[in-house]
Amino acid sequence: MCTVYSEQGQDAVVKLIEANVREGVAFVEKEMGKKFGDASDPLLLSVRSGSRASMPGMMDTILNLGLNDEAVAGLARKAGNERFAWDSYRRFVQMYGDVVMGLKPVSKQEHDPFEVVIDALKEKKGVQLDTELDTNDLKELVLRFKGLIRARVGREFPTDPWEQLWGAVMAVFQSWNNDRAKVYRELNDIPDSWGTAVNVQAMVFGNLGDQSGTGVAFTRDAGTGEDLFNGEFLVNAQGEDVVAGTRTPQQITLEGSRRWAQLALVSEEERRSRFPSLEELMPEIYQQLLQAETTLENHYRDMQDVEFTIQEGRLWMLQTRNGKRTGAAMVRIAMQMLKQGMIDEKEALQRVDPERLNELLHPVFDPAAIKRARSIAHGLPASPGAATGQIVFFADEAEEWVRKGKTVILVRQETSPEDLRGMSVAKGILTARGGMTSHAAVVARGMGKCCISGAGAVRVDYHARSMSIGDRIYKEGDWISLDGSTGEVYEGQVPTKEAELTGDFGTLMDLTDRYKRLGVRANADTPDDAKVARNFGAKGIGLCRTEHMFFEGDRIKAVREMILADDEAGRRRALAKLLPMQRGDFEGLFREMSGLPVTIRLLDPPLHEFVPHDEDNQRIMAHEMNVPLGVIKMRVDDLHEFNPMMGHRGCRLGITYPEITEMQTRAILEAGLNMKAKGFDVKAEIMIPLVGTVREFNAQAKVIRQTAAAVFAERGEKLDYLLGTMIETPRAALIADSIGGQAEFFSFGTNDLTQMTMGFSRDDAGKFLPSYLKDGMYEQDPFQSIDQKGVGLLVKMAVEKGRSVRPGIKLGVCGEHGGDPASVAFFHRTGLDYVSCSPFRVPLARLAAAQAALDDAK
Amino acid sequence: MSTETKNVYVFGAARTDGDATMKNLLGGKGANLAEMCRLGILVPPRLHDQHRGVHRL
């Protein structure tokens, strides 16, 4: 649409859709019993976009369309309220001028130009609030707004209702392609090709006095998932007043109102008199709303987010949709609806987006630390989670800071759609204004980001780049901590601790085991990782990277000694020092994973990763090892490779230095025997990396089997173990039948397999991949989600070839793809036995595996 | 009229084109509004231009 708009202009589009729009407007006129453009009793319209996905705050909505100098008089007469008519007109000119005619602030420091005009008039009149402006003031504002538009835009404000309508329709189409909409689509994987439609709807008014109002409600709690009808409304207001956070909204239910009062430190007396609930204020309307929300939730069998307007005692529903919610709420709502018999187990599993489980695994504040922390302000618990970071006041600067490796909390008076990027990179969001349904709150919940809104004590000074709370001033860069579950703001950094699988989350995870076929293991290099993984339900370790153990403490010295050694004897001396350390590591892994398989990969990275490349550190190394700097430099130069990814690494190391393989095998098996003796059930799997030929595999297998025989002879005891290989070079996949004749298991190293099949390295892809993704050259980052049509084909082929020679061969995947839902589904369909991913992605992989199995059954 | 070729949808108390299943066509909001009309919930009347012709350009 926008393409047409920009290439052929408004006339072409109008010509195409004119008949349709006129037909539709005629219908609306008939329904409302009013005429569009009738100055004596005008039908007013709202114009908004209607795209397939809900995009909050994204598309600009025009309200009160159809008003002009004549119609405003007609509206005033009809409503018997001149001020209301002029206020609607004022709002319309302001919104239309901004959204359609493009009169916006030119810099981030500049205030909204319309608000500047309003403020100037208020100052002249000596009043504080918009509501204190009288009809003549509003007339004056309309006049000034029009003048402002004329001066800054160079065009007259359109007076003809149809001209207004066409302009608004164009703006809707155009907004599909504005920056913030693009960002949202990028973040949420919404294809550009969907485009948007335009909706034109009769206006109803929430600002016709005390018996009117407007609000937003959720059938359940969007933050916690609690089955509690809740929401906010404002008396005598239009919808944007609620979202903008410029007035303190009231709660819909009495229960919610009391809870709110407690959080907002408002006394029951003040609550009742100044902020009564809808339930108390308009009981009949409340009953209708309750009935509608029950009908809607039962009908959709999901939590609904509804918008409504009360016009002079009559309730109109403006919207219903499946409500955005936090990951925690997603899990709780699914499990509760299961208990309530609204959905079955399969649907409960399908209701949860695996990616959102991340949020439940986020750390929470350490309860002991929280007790000591100094609480400085209190706001609404808009989106749960714990966040610590440095204060930043502008969204674009939040991005900059994060690029520099800092963690930030975005502090704003209130947020707007322009702040989206900054919000998505910040650890948490704090706003001084706005309710539970303000922009910041809704967007943060959608992102699963910690957010506190409406912290009234916070005064933000954008110019000074500081915020004050009472007499304390916090500057940009100062540390604060937010608890999005309680609304508490703390000074400084508060330490966090790991989350656990409990309650509904635990039940959901148990449910996955009932439906999934694919096993889930974890990539874990340390006993701690293994413990976390097991707590999250990992059924073994699919990848232990032994090299990570080489960097710890003093070990790097022994590793470097081995690298510097001139001959085998020297290398063996150094390796002998490493043996007990590695053995200790493996003992810890076998202990934590007793009864479950532990796959240990032999040394994989090129040796130069273990030596320093800058002179300062080389000097330190020379000193520590008591060798001349020149010797170190020479060895580092020797190790230099033009393309390390395809260099001297993987089994190529073990083949040139079999003593490394020997030492590692010995460490694994001795550790296994030691732990077996202590009563642990050890299931060791030794994995050879980067194999490309059968001879490579056989050569390493020979070293491993000989070492094993020696160890078993020495100890007079045997340990069962499996000997397998990574399939990570395209050649290994191509000859998987030959390799499968020898190897007892395959583990697909899809990171390397992707690099080598695609022909680009993950480390260098950053230079072109982002623009590739933007241009649609690739639909997805192949390192994030497996390239099913290419790399996936190799996996499929190797699976078939492997099974053809060894029907029971164990097949798994280790690498980032094991924690990507789409890839997990692919591996399920390809018939692998398990995926292995980082410990924190284990719950996600379990759910994704269950969903994949359910998709199969469909 | 076949829904495939229809360009404009309206709904209100008197007539409701579409329902909640037509999200791809009416947008999530539009489809749900149509569904609410079907459930007898009062919704301000609306027209939806779905600009199929424009996409063909």
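Between region A:144-186 and region A:221-294, how far is it from one alpha carbon centroid to the other, in angstrom? Cα centroid of region A:144-186 versus Cα centroid of region A:221-294: 33 Å apart.
Rg ratio for region A:649-800: its Cα radius of gyration over 2.2 N^0.38 Å, N being its residue count, equals 1.26. Among the residues of A:27-39, the average count of other protein chain beta-carbon atoms within 10 Å of the residue beta-carbon is 3. Of all aspartates and glutamates in the structure, the ones whose alpha carbon falls short of 17 Å from that of A:Lys124, not counting any fewer than 8 places away in one chain, are A:Glu115, A:Glu132, A:Asp134, A:Asp137, A:Glu140. Scaled against 2.2 N^0.38 Å for its residue count N, the alpha carbon radius of gyration of region A:601-663 is 1.23. What the Kirkwood sum gives for region A:587-703 is a hydrodynamic radius of 16.4 Å, with every pair of different alpha carbons counted.
The Cα center of region A:70-85 and the Cα center of region A:728-807 differ in position by 68 Å. Working ranking of peptides A:788-796, A:494-502 by packing, defined as the average number of other Cβ atoms within 10 Å per residue, highest first, is A:788-796, A:494-502. Taking the square roots of 5 times each eigenvalue of the Cα gyration tensor of region A:79-183, largest first, gives ellipsoid semi-axes of 25, 18, 13 Å. Within the protein assembly as shown, DSSP assigns beta bridges of which about 60% are antiparallel (rounded to the nearest 5). Based on other C-beta atoms within 10 Å, arrange A:Met687, A:Met95 from fewest to most. The order, fewest Cβ neighbours first, is A:Met95, A:Met687. log₁₀ I(q)/I(0) of region A:497-569 at q = 0.16, 0.18, 0.23, 0.28 Å⁻¹, via Debye over equal Cα point scatterers, no solvent, to two decimals? Scattering profile of region A:497-569, log10 relative to I(0): -0.72, -0.81, -1.06, -1.22. Quarter the surface of the alpha carbon convex hull of region A:148-276 and you get the mean projected area, 12.2 square nanometres.
Taking every Cα-Cα distance in the protein assembly as shown and sorting them into 20 Å bins starting at zero, the pair-distance distribution P(r) comes out as 13, 38, 31, 15, 3, 0 percent. Its Cα gyration tensor gives region A:285-330 an equivalent ellipsoid, and the semi-axes of that ellipsoid, as √(5λ) in whole Å with the largest first, are 22, 11, 8. Here's the list of lysines a cross-link from A:Lys104 could span, going by alpha-carbon distance under 23 Å and ignoring same-chain residues fewer than 8 apart: A:Lys122, A:Lys139, A:Lys146, A:Lys182. Taking every DSSP beta bridge that has both ends in region A:310-446, the antiparallel portion is near 20%.
Computed over region A:731-813, the P(r) curve from all C-alpha pair distances, binned at 10 Å from the origin, holds 18, 45, 24, 12, 2 percent per bin. Taking the convex hull of the alpha carbon positions in region A:251-387 and averaging its projected area over all directions gives 11.0 nm².
This ranking places A:Lys339, A:Lys858, A:Lys767 by how few other beta-carbon atoms lie within 10 Å of each, fewest first, which gives A:Lys858, A:Lys767, A:Lys339.
Divide by every residue of chain A the summed helix terms, -39500 (n - 2.57) for each DSSP H run of at least 4, and state the resulting mean residue ellipticity at 222 nm, rounded to the nearest 500 deg cm²/dmol. Mean residue ellipticity at 222 nm (helix-derived): -14500 deg cm²/dmol. Note down the relative contact order for region A:434-592 as a percent, whole number, built from C-alpha pairs under 8 angstrom at least six residues apart. Normalised by residue count, the contact order of region A:434-592 is 12 percent.
In plain terms, the C-alpha convex hull of region A:559-611 casts an average shadow of 4.3 nm² when viewed from every direction.
Mean partner shielding of peptide A:16-26, defined as the number of other chain Cβ atoms within 10 Å of each residue Cβ, is 5. Hey, if you put +1 on the Cβ of every Lys and Arg and -1 on every Asp and Glu Cβ in region A:524-597, which of A:Leu578, A:Ala558, A:Ala524 ends up farthest toward the positive end of that dipole? Of A:Leu578, A:Ala558, A:Ala524, it is A:Ala524. Cross-link partners of A:Lys774 among aspartates and glutamates, defined as those whose alpha carbon lies under 13 angstrom from its own and excluding same-chain residues fewer than eight positions apart: A:Glu186, A:Asp189, A:Asp192. Residue-normalised convex hull volume from the C-alpha trace of region A:695-777: 125 Å³ per residue.
Counting 0.36 nm for each residue step from A:Ala457 to A:Thr507 and taking away their Cα separation leaves a gain of 14.0 nm. Across region A:57-132, the fraction of Cα-Cα pairs farther apart than 21 Å, rounded to a whole number, is 39%. With a 10 Å cut-off around each Cβ of A:193-205, the average count of Cβ atoms from other chains is 5. In whole percents, the pair-distance distribution calculated for region A:298-365 from its alpha-carbon pairs, binned every 10 Å from zero, is 19, 39, 25, 14, 3. In plain terms, the residue of A:Leu410, A:Leu148 with the fewest other Cβ atoms within 10 Å comes first and the most crowded comes last, giving A:Leu148, A:Leu410.
We did not get these values from a lab; they are worked out from the coordinates using the rules stated. Note that the structure is a prediction, hence the values are computed from the model and not measured. No Cβ is skipped: glycine too gets one built from the backbone with ideal geometry, and neighbour counts run over all protein chains shown.
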